[in-house]
Amino acid sequence: QVQFVESGGGLVQPGGSLKLSCAASVRIFNMYAMGWYRQAPGKQRELVARISGDGTTNYADSVKGRFTIPRDNTKKMVYLQMNSLKPEDTAVYYCNTYYSPDNWGQGTQVTVSS
């Protein structure tokens with residue numbers, strides 16, 4: 001069973017940065033395309049960034065140019081580097097597989113506020 005543990009969230013001022021980490025318990029991590037998702041209060045969960053096994057990335061328009069999603073296949077980790085944070089980035093952030101995400105973890109809270 002695939003499981004994910006997210007960490008690194010917190011309170012940050014607008015314009016600040018945070019780096020989220022996700023540890024994956026999978027046998028062959030590099031075969032999975034991975035995604036970072038977020039869910040703000042009262043809103044549906046949305047995909048913000050994804051990375052394929054070979055490192056190809058895509059970003060939601062709302063975070064393009066501000067977020068990056070590197071991965072380390074040897075450590076079975078995927079990260080979300082978030083720069084120039086805005087109050088509208090406030091949400092619980094989750095990582096999961098890009099195709100057929102399931103078995104969601106606890107997520108990590110990101111709050112952008114002055």
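Every number here is computed from the coordinates shown, using simple stated rules; none is lab data. Keep in mind that what you see is a predicted model, and the values were worked out from it rather than measured. So basically every Cβ, Gly included, is an ideal-geometry build from the backbone, and we count neighbours across all protein chains shown.
A few remarks follow.
- Full-stretch length increase - Lys64, Gln39 - with 0.36 nm per residue and alpha-carbon distance subtracted: 7.2 nm
- Potential lengthening between Leu11 and Asn73 on full extension [0.36 nm per residue; Cα-Cα distance subtracted]: 19.5 nm
- Mean separation of Cα contacts under 8 Å, 6 or more apart, over the residue count of the range 51-114: relative contact order %: 24
- Computed log10 I(q)/I(0) for the range 40-105 at 0.29 Å⁻¹: -1.57, from the Debye equation with unit scatterers placed on every C-alpha and solvent omitted.
- Kirkwood Rh in Å, taken over all unlike Cα pairs in the chain: 13.9
- When the chain is treated as a Gaussian network with alpha carbon springs shorter than 10 Å, the biggest mean-square fluctuation among Gln81, Gln44, Gln13 belongs to Gln44.
- Pairwise FRET efficiency - Asp102 versus Gln81, Cβ, R0 = 22 Å, nearest 0.05: 0.30
- Relative contact order of the chain, pairs being alpha-carbon contacts under 8 Å that are 6 or more residues apart, as %: 37
- A full extension of the chain between Thr57 and Val2 corresponds to an added length of 17.6 nm, given 0.36 nm per residue minus the alpha carbon distance.
- Choice from Thr57, Thr68, Thr97 with maximal GNM fluctuation in the chain (Cα, 10 Å cutoff): Thr57
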